Amino acid sequence: MSAADTLAGIVVLALNAYVLLGGADFGGGVWDLLARGPRAARQRELVAHAIGPVWEANHVWLILAIVLLFTCFPAAFARISIALHVPLAVMLVGVVVRGSAFTFRSSGVGDAAFERRWGRAFAGASLLTPVLLGVTLGAIASGRVREPGAGSRTFLADYVSPWLTPFGVAVGLLTLACFAYLAAVYLVLEAEDQDLREDFRHRAMRSGIAVLAAAVLALGLAGTGAPRLVDGLVRSPWAIPHVAITAFTATAAFAGLWRRRYGLARVAAAAEVSLLVWGWARAQYPYIVPPDLTVAGAAAPPITLRLVLIGLGGGAVVLIPALYYLFRVFKMPGDR
Amino acid sequence: MPDLLAARAQMGVSLGFHIVFAVIGIAMPLLMVVAEVRWLRSGDTVYLELARRWAKGTAVLFAVGAVSGTVLSFELGLLWPGFMELAGPIIGIPFSLEGFAFFVEAIFLGVYLYGWTRIPARAHVAAGVLVAVSGALSGVFVVIVNAWMNAPTGFILDAGRIVAVDPLAAMANDAAFTQTLHMTLAAYSTTGLAVAGIHAWALRRDPMNAFHLKALKVALFVGAPAAILQPLAGDLAARHVARAQPAKFAAMEALFVTRRGAPLTLGGWPDVEARETRYAIEVPRALSLLTFHDADAEIAALDRVPREDWPNVPAVHLSFQVMVALGGYMALVSVWALAVLGRRRELAGRPRLLLALALATPMGFVATEAGWMVTELGRQPWVIQGVLRTADAVTPMPGLVVPFAAFTLLYAFLGVVVLVILRRLTRHTPVVLDEGR
Ligand code: HDD
Ligand code: HEM
Ligand code: HEM
């Protein structure tokens, strides 16, 4: 495996971590928006409590993916940034509104109306951002992110048509469904009383079905929307085992929720969503931006790749114990 | 609005917004830690209260700093794909390091905020120190990238394509030391004096309140030495610019004609058409003396630079004058305050000093913004000095005025909200009567 392949793998790993950790934060926002019934206020409280301590740390995974992309695969970064300017810019607005709104709401300075207003902004942005993230990834997978055409093309052709496709939207919805699903499954475990736990258990099962529906929809549309992706999914010798394991984890997650074995459900749901991410990555390989930019072709000079790998290794040695310590501190008995 | 201008304006707005939070994010943790250490040493709970309040404010600002920074890392590509495609492999590594520094900062800020009663005092202070150190490193790493844009090295180009790269040499570029030193001091002096100013103002109205007095002392402890060193660091930076970026230097000094024994131009308005600076005070030969330590040294002026490669001379000159004037004021007030403290005199009974400190509250922020205008506007028309023109780096996408307008409105709105929140967080200050008097 070349250095470029390894680094491309780490980019996917960073995205995977973002989906599992940051994604759950977005999903928390979705459940904030959909909080209903007699326990709505307590549902919101649970979401806020679960996100509170770690959301800033979770965001770093997206940054890591971006930084690795422009350092190690500059041609891919430039191409994506040009063709997908519109969805990325809208996604950024979502990132800013969501992050600020969450902090403003929980800063403890406002009255109830203040908190409600910022709570709504937080929830709305939590809905918007994952969809656009998914649309962006879907556009890349579809093979429509090409070199900008010659002068005669229009704005729509160059800057909208690469991403605004049925397939792209389906991937956006799939992303949203995955995030909501993950959040619900995690929240079942966080909830301390029985009623809240049941609320989120039902939500987890419903959103799990939504994930499956959206995945089927995206796959169906991929036939015309992203033919190469389908080729990659089907052609590879890994295709059947991959689908089989994904199906197995999905079933296990349902079983866990059904039988109230929440630890099992959490692990299985995380594995299920991770397998979706890796399925996309595997199908697209060796292309980083299909139809023509390969991982090897877009890679930076070897010396840069080597230094980045060394840096990542050193960073991991520092960060992993530090993160472990942080989670220990959260679990200790204390004032909050 | 032309697309290139819109892109530049959007970059300027985003960075101008981010830098405010960055400056605070670098220095506030240090103030927190200093207060906490004083509390542990003296058992005086006023310091504990200070550390806790500062930590709370820092958490809000940290979040806004983090999201605006996230936006920036995307914007580099959205607006300047040509720049990133070339620069990424050469100077992307410090950006990755900044990511790590930020991660460490976020983790230990979490430990700090949630650990007050959960972990031993020493571990808590250590977490604070890690937050402070990694915050400073975050700033250092990004500024290294900017220094490289001013003094690019560590690569060989052939017809616009990279043929050889040495990322470590690129990080160790000539401008890196002066710029990171100057920026780090800027963060400490800006935040330190801003906090000092706020409490000095409060002390004028409530001179018996030891809460404000102690806050003022901690803030001065961090801010004043940095403010005193800042002009020296600025001088180092200026002398580097004179050698590496003569066009920027000439614009800073509003110098149109190359000459020996060049004067230092104070104030004035550069008339670019007439190629002269009006209404200025000139100190004979001072510029040559300051820059090359030789009153007769020759200073290259704008007449050595092709007209189309001039930066915006009035803007650069004005920004530079603003920065230097404010820097001078901040340094003098700091000397005064330290002199009073050094002779163990009471700060609270000196309304004139307190007023002078209160006036300095916003100055560091203004000087920081002005300094970045000097650096960035002064580098034009280059995004990488002498290597890549800004016009060749911008995205081909038309209609850039739309994202520019959208992000400007968003940031303006967020800025207002942050101010409101900070006001509310500081509204109720405890009244602690000074037992000493
Ligand atoms: C508290 C803020 C502050 C204060 C009081 C000063 N500066 Fe400054 N200056 C900055 C904050 C700053 C900055 C915002 O941090 C810059 C922008 C880029 C950088 O590295 O630092 C900067 C840049 C900057 C540059 C351009 C460097 C470049 O383009 O590479 C020069 C020549 C100076 N400064 C010189 C001075 C002098 C002679 C000062 C005398 C008082 C001074 N600065 C005070
Ligand atoms: C936070 C402090 C900073 C401020 C306030 C600032 C301000 C600005 C401004 C006003 C512009 C527009 C200049 C013009 O086009 O005339 C600009 C452009 C730019 N800045 Fe900075 N800057 C800062 C730091 C940085 C850093 C640390 C980097 C690099 C890592 C950087 C990279 C760029 C790039 C790539 C452009 C666009 C190309 C160009 O105009 O040269 N800036 N910035
Ligand atoms: C082009 C320029 C810049 C980019 C792309 C950038 C990027 C970022 C990013 C992505 C973050 C969030 C951290 C993360 O999630 O990894 C961040 C935070 C931060 N940045 Fe910047 N930044 C820039 C300029 C600057 C400058 C000029 C400074 C200061 C000298 C600075 C200091 C900080 C600090 C201290 C933080 C921590 C957050 C806080 O304490 O509020 N940044 N930046």
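No lab work stands behind these numbers, since they all come straight from the coordinates. Note that the structure is a prediction, hence the values are computed from the model and not measured. We place every Cβ from the backbone using ideal geometry, glycine too, and count neighbours over all the protein chains shown.
The stretch A:1-26 and the stretch B:312-327 have their alpha-carbon centroids 44 Å apart.
Give me A:209, B:107, B:93 sorted ascending by neighbouring Cβ count inside 10 Å, so fewest comes first. Walk me through the numbers on the way to the answer.
Working: A:209 12, B:107 27, B:93 24.
Ascending number of Cβ neighbours within 10 Å: A:209, B:93, B:107.
Comparing Cα centroids, the stretch A:258-322 and the stretch B:1-23 end up 32 angstrom apart.
Work out the mean other chain Cβ neighbour count within 10 Å for the residues of B:295-305 and drop it here as an integer.
Working: counts 0, 0, 0, 0, 0, 0, 0, 0, 0, 0, 0.
Partner-chain Cβ atoms within 10 Å, mean over residues of B:295-305: 0.
Of the trypsin sites (Lys or Arg not before Pro) found in the stretch B:238-307, the ones in coil according to DSSP and having at most 16 other Cβ atoms within 10 Å of their Cβ are B:275. Taking 25 Å as the straight-line reach from the Cα of residue A:331, the lysines in range (excluding those fewer than 8 positions away in the same chain) are B:56. Model label points for residue A:267 and residue A:320, set 7 angstrom from Cα along the Cα-to-Cβ axis, are 1.9 nm apart. Extents of chain B, taken as max minus min of Cα coordinates on every principal axis and listed largest first, are 69, 46, 38 Å. Taken over the C-alpha atoms, the stretch B:335-397 has Rg and Dmax values of 21.4, 63 angstrom. Restricting attention to the stretch B:269-346, which GluC sites (Glu not before Pro) occupy a DSSP loop and are surrounded by at most 16 other Cβ atoms within 10 Å? Counting only loop positions with at most 16 other Cβ atoms within 10 Å, the GluC sites (Glu not before Pro) in the stretch B:269-346 are B:273, B:346.
Comparing Cα centroids, the stretch B:157-227 and the stretch A:64-105 end up 28 angstrom apart. Over all Cα atoms in the stretch B:190-260, the spread is summed up by Rg and Dmax: 19.3, 58 Å.
Averaged over the residues of peptide A:311-318, the number of Cβ atoms from other protein chains lying within 10 Å of each residue's Cβ is 3. For residue B:382, the residues 5 or more places off, or on other chains, whose built amide H falls under 5 Å of its own are B:390.
Over the stretch A:1-113, what relative contact order in percent results from Cα pairs under 8 Å that are six or more residues apart? The partial results should precede the final answer.
Numbers: 46 pairs, mean separation 32.2, N = 113.
About 29 percent, as a whole number.
Just so you know, the averaged projected area of the alpha carbon convex hull for the stretch B:26-141 sits at 7.3 nm². For chain A, treating each Cα as an identical point scatterer without solvent, what Debye log10 I(q)/I(0) comes out at q = 0.09, 0.10 1/Å? Log10 of I(q)/I(0), two decimals: -0.50, -0.62.
Ignoring aspartates and glutamates fewer than eight residues from residue B:217 along the same chain, the ones with Cα atoms less than 20 angstrom from its Cα are B:36, B:44, B:49, B:206, B:346, B:434, B:435. For the stretch B:103-108, the Karplus equation 6.51 cos²θ - 1.76 cosθ + 1.60, evaluated at θ = phi - 60°, returns couplings of 4, 4, 4, 5, 4, 6 Hz by residue, with Gly and Pro reported as x.
Rg over Rh for the stretch A:1-81 works out to 1.18, both radii taken from alpha-carbon positions and Rh defined as the Kirkwood radius.
Rg and Dmax over the alpha-carbon atoms of the protein assembly as shown stand at 27.5, 88 Å.
Normalised by 2.2 N^0.38 Å, where N counts its residues, the alpha-carbon radius of gyration of the stretch B:186-333 equals 1.30. Ranked for footprinting exposure by Cβ neighbours inside 10 Å, fewest first, B:91, A:63, B:281 give B:281, A:63, B:91. Using the alpha carbons alone, the radius of gyration of the stretch A:126-223 stands to its Kirkwood radius in an Rg to Rh ratio of 1.17.
Would you work out the relative contact order for the stretch B:44-161, in percent, from Cα pairs under 8 angstrom that are 6 or more residues apart? Don't skip to the end; give the middle numbers.
Values: 57 pairs, mean separation 34.1, N = 118.
This gives 29 percent for the stretch B:44-161.
Shown in residue order for the stretch B:222-230 are the 3J(HN,Hα) couplings computed by the Karplus curve 6.51 cos²θ - 1.76 cosθ + 1.60 at θ = phi - 60°: 7, x, 5, x, 5, 5, 6, 6, 4 Hz (x for Gly and Pro).
Just need the relative contact order of chain A here, percent rounded to a whole number, with Cα pairs under 8 Å and 6+ apart. Answer for chain A is 22 percent.
Derived scalar couplings between HN and Hα for the stretch B:39-55 equal 4, 5, 6, 9, x, 7, 6, 4, 5, 4, 4, 4, 4, 5, 5, 5, 5 Hz in order, rounded to whole Hz, by the Karplus curve 6.51 cos²θ - 1.76 cosθ + 1.60 (θ = phi - 60°), x for Gly and Pro.
So if I average 1/r over every pair of distinct C-alpha atoms in the stretch B:93-230 and take the inverse, what Kirkwood radius in Å does that give? For the stretch B:93-230, the Kirkwood estimate is 17.6 Å.
Seen against the Cα atoms of chain A and their longest principal axis, helix A:239-258 is set at about 10 degrees.
Using a 10 Å cut-off around each Cβ of peptide B:60-66, what is the average number of partner chain Cβ atoms that fall inside?
Details: counts 7, 1, 2, 11, 5, 1, 10.
Shielding by partners across B:60-66 averages 5.
Between A:29, A:37, A:225, where does the largest GNM mean-square fluctuation fall for chain A, given springs only between Cα atoms within less than 10 Å? Fluctuation is largest for A:37. Sparsely packed loop sites in the stretch B:320-389 (the trypsin sites (Lys or Arg not before Pro) outside DSSP H, G, I, E and B with at most 14 other Cβ atoms within 10 Å) comprise B:343, B:344, B:345.
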